[in-house]
Structure formats: C-alpha cells, structure tokens
1. Report Rg (one decimal) and Dmax (nearest whole number) for the range 16-114, counting Cα atoms only, units Å.
2. Using the number of other C-beta atoms within 10 angstrom as an exposure proxy, rank Glu38, Glu125 with the fewest first.
3. Quick one: which of 114-123, 47-56, 69-78, 8-17 comes out on top by average Cβ neighbours within 10 Å, and what's the full order, highest first?
4. Using only alpha carbon pairs under 8 Å that are at least six residues apart, calculate the relative contact order of the range 4-118 and give it in whole percent.
5. Using Cβ contacts closer than 10 Å as the measure, can you line up Leu40, Leu168, Leu25 from fewest to most?
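No lab work stands behind these numbers, since they all come straight from the coordinates. Please read all numbers here as calculations on a predicted model, not as lab measurements. When we count neighbours, we look across all protein chains shown, and the Cβ atoms used for this are built from the backbone with ideal geometry, even at glycine.
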Amino acid sequence: MTVYTATAPGQPFILSGTEPGFDRLHGIPVAALGEESERLLALGHLTDRAVLAVTSAYHRRVLGELIVPTRELTDLIHFGTQRIHVKAVAADQDIDNPWYIEDAAPSDPTAQPVTITVIEWLQREDLAPPSPCPCCARVSRSTRFTPDPERAGWGHHHRCRHCAHQWLPTASAPRAESQTTLPRPFTPTHDLETSSCTRSA
C-alpha cells in the first residue's frame, strides 16, 4: 500500500500517524476531523480506557482545556465512540486538508481500523495558571466563560469547586509570605544526552 508522501491526489494510502494534522498522545496517533475539530480520529480500535485518556490528553495538550465531568463525558464511550474501518485518500495539494477518509468495508484491501470519537458536546474549561480562591484559599487551575459576578457582561472566571466562589484569574488573592516557597534547583538523575527528547502525554 502506498504511503502518504508518495501518493497522488485521489489515491488511497495507509495512515501511519506521521501525516499532517496528527499528534501523538499516550503513544497513539490522533488527528482532529471537521471544520470545528468536533471529532477525533485515532489509529486502531482503542479500548474504552484509551479513548478517555486520548480525549483528555488532546484537550489538555492541544487545546489547553480541561474536560468537565458531566453526563456528556459519561456517555462518550456508549454514544460518542465508533470503531470502524476507513480508507485514507490524498487530497489536492492546494487545500487546507491534504488528506481525508472514507468509510470502507473491513475486507477492502485499503481499509484500516480507526476509532472515531465525537467530542463537540463535551463541556470544557480553560486551563489557566493556578490561582487560590479568595474565600477558601483552595487552588483552581481552570476557568469558565460565565457571567461576570461583579459587573454586566461575560468573561473567563475561576470558579472554586469547593465553595463555588467566582473570581477573575488576574484578581486572585496574593499568597501569604509564609506560604511562599522557592523552587528547588533541578538536579539531573541521568544522562540527558542518552534520553529521548520526545515524550507522550
């Protein structure tokens, strides 16, 4: 079967995860599909646990968001995940998406197994720098686009998961000096030159 780099427009090829648009999350090649990136395509038929891990890693590492544990997340496996066979086809070189997929029967010699996960209904929070709650001092890393609690309009606000207080990320209460700690110097535990520069999520 032809690889992507040697494929003419309109010709099928085998996805390897090195094509444009792929990220490697937990060692699994993943690409977003659709104009709004509403679906994730992962190579191979993933287990339920791998689907959840890859979906979470995609939101954290690629989008900079956290998934809110709601009913949509609970239903992700049963209603939002398909394990199917597709064939990849090279597109014209002058368009934004250099390849696309088509449904294929498992017996098709150009078919390969993939897992498609619909993520457009998941509720998300922005991943922000840690900020202590002004009321209970518990730390939050996420923000939501919500009505401003102090003035008209909408904005990104921290919302404490413990006391439900909302505050602007830049208006967090300063930490007491007695609680401030300096970072410890980094001490390598092995030879960095012999280590890989890449890491999975």
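1. For the range 16-114, the Cα radius of gyration and maximum Cα-Cα distance read 14.0, 41 Å.
2. Glu38, Glu125
3. 114-123, 47-56, 8-17, 69-78
4. 32
5. Starting with the residue having the fewest Cβ neighbours, the order is Leu168, Leu25, Leu40.
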